[in-house]
Amino acid sequence: MKKIKIAHKFYLLIITFFSLTSCLKWAARAEKKLPDETALHRTYDYSGKVIIIGAGASGLAAAKVLEKNNIDYTILEATNRCGGRLKKDTTLADFPIDVGAEWLHSAPITLNKLKGKHGEEIDEELIPYQLESTATWDGKEYKVNSTWQNDFRYNFLPESKFKNTTWYDFVNENIANTVIQNIHYNSPVVSVDYSNNEVSVEILNGATFIADRVLVTVPIGVLKSEKISFIPELNQERKDAIEEITFHPGFKVVMKFSDKFYPDAIECEVDNGEKGYYDIAFGKETQDNILGFLCTGNETQKYYDLNSNDEILDSLISELDQIFNGKASASYSGEYILENWGQYEFTLGTWTQAFQEKKSNLKILNQSLDNKVYFAGEINDPYKQMGVPGAILSGYYSIDKLLTDQ
Ligand SMILES: Cc1cc2nc3c(=O)[nH]c(=O)nc-3n(C[C@H](O)[C@H](O)[C@H](O)COP(=O)(O)OP(=O)(O)OC[C@H]3O[C@@H](n4cnc5c(N)ncnc54)[C@H](O)[C@@H]3O)c2cc1C
């Protein structure tokens, strides 16, 4: 029995070593894969009209290129706001909180690439996400990680966060600000007809928009749901590729407490996806105690089975009470924000991890439909970055293709 336990521990050590080593390789590779220049550095003399579907990071990035080159374009956005999975809250704390994307998983220089700025020096103040106190929780046992484990993780996967701003602010100030006048809000696209020379795009209220070429930037969850009809229909190969991409359901909660009874982060054991609590105020200039909770994957269903957001909060506070002997309910202010990205009609998931997907599927998803309809978004990023950087770079990449394909 003892032998089995030792063998099991050894096995876990090997798995941890290899997954961390691949993270290191991934982080180093990701920086090397950043393009030297993007569509922001080129000029285009395209004379047609373009429609962009979706005003998330990728759609806004593509629009920035069109704006810069005085190309006629319209952005059709389903909701009443831009940013997509980038969203900030300024009501809960004395600092702005990212309630969508939050971390910069890549090297800081990536921010310059996204803005089209040359050089190594970045303008943004970042917080290195080097945690000092972390723990794991398996539902029964709470284990504090060693300093060595914390340092090891940071050295292998260095991440950062914006100090006084958010991902939403970054995209708003550097990308969205020059294109927002061309966004038609509350305009969910229901069909894209590319059977004629021009492409006809219909929105829910029946209005139709015509363009020479269209860039679709909706999340893969929306494509999976088939809420947008393509005429002619997407071929089976593309439908299968869309189906095979993993896009976990999930949600994010932000809670306010009077005391900081928790460590920098607690990773909870789950079979599939991610679940964890983390100090959102880490490294921020604030007196507020703000704890975040992220859950994706199968575990999400347990929370979705509850009747309301308040019940989800009750269950989180009770789990924290179990770990911290009642300290959570004693200091919980009752104020929270819950962003249910997995069930928002125009997102239907959290994020994709392109590097875990089949290359052949990624290639299919990046092909145009008859050189008239193109695709961008985090899953269409050919430079294999994660999250927001991937989405923005895909916007630049796909609009370049759209403007230059014969
Ligand atoms: C909780 C959470 C945490 C995350 N954390 C991080 C992180 O820390 N770091 C990171 O880099 N990334 C993170 N991500 C991922 C990151 O947010 C995404 O990769 C990125 O924002 C995707 O941008 P996008 O433009 O591809 O898609 P989106 O931002 O989803 O934009 C798509 C747009 O299309 C619109 N749309 C959808 N359907 C239609 C339709 N039918 N008609 C018209 N418009 C439509 C949507 O409303 C939306 O505005 C996180 C995501 C979530 C949900």
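Any read-out appearing in this document is the output of simple, stated calculations on the displayed coordinates, not a laboratory observation. In this text the structure is predicted, and so the values were computed from the model without any measurement. Glycine gets a Cβ as well: all are built from the backbone with ideal geometry, and neighbour counts include every protein chain shown.
Some notes on this structure:
- The angle between the Cα long axis of helix 57-68 and the longest principal axis of the Cα atoms of the chain comes to about 40 degrees, rounded to the nearest 10.
- Label point of Asn371 set 7 angstrom out along Cα-Cβ; within region 199-233, amide nitrogens under 15 Å from it belong to 199, 212-214.
- Spin-label zone in region 157-186 - amide nitrogen under 15 Å from a point set 7 Å from the Cα of Arg81 along the C-beta vector: 166-173, 185-186
- A simple count of charges around Asp138, restricted to other residues whose Cβ falls under 13 Å of its Cβ and scoring Lys, Arg +1 and Asp, Glu -1, yields -3.
- Only one residue of Gln149, Leu60, Leu126 has its Cα farthest out toward the positive end of the dipole of region 59-155, where Lys and Arg carry +1 and Asp and Glu -1 on Cβ, and that residue is Leu60.
- Angle in degrees between helix 2-33 and the longest Cα principal axis of the chain, rounded to the nearest 10: 40 degrees
- For the chain, the dipole from Cβ point charges (+1 on Lys and Arg, -1 on Asp and Glu) about the Cα centre works out to 1160 debye, to the nearest 20.
- Relative exposure of Trp137, Trp341, judged by other C-beta atoms within 10 Å (fewest first): Trp137, Trp341
- Per the Kirkwood formula applied to alpha carbons, region 278-357 shows a radius of gyration over Rh ratio, Rg over Rh, of 1.01.
- Percent antiparallel among DSSP beta bridges (both partners in the chain, rounded to 5): 65 percent
- In this entry, region 256-319 is assigned a mean projected area of 4.7 nm², taken as a quarter of its C-alpha convex hull surface.
- Evaluated at q = 0.06, 0.11 Å⁻¹: base-10 log I(q)/I(0), Debye formula over Cα of the chain: -0.26, -0.85
- Against the chain, whose longest principal axis comes from its Cα atoms, helix 147-156 is set at around 10 degrees.
- Annotated for region 199-347: lysine pairs at least 8 residues apart or interchain, Cα distance under 25 Å, count 23.
- Under 10 Å, Cβ to Cβ, from Ser229 - net charge with Lys/Arg +1 and Asp/Glu -1: -3
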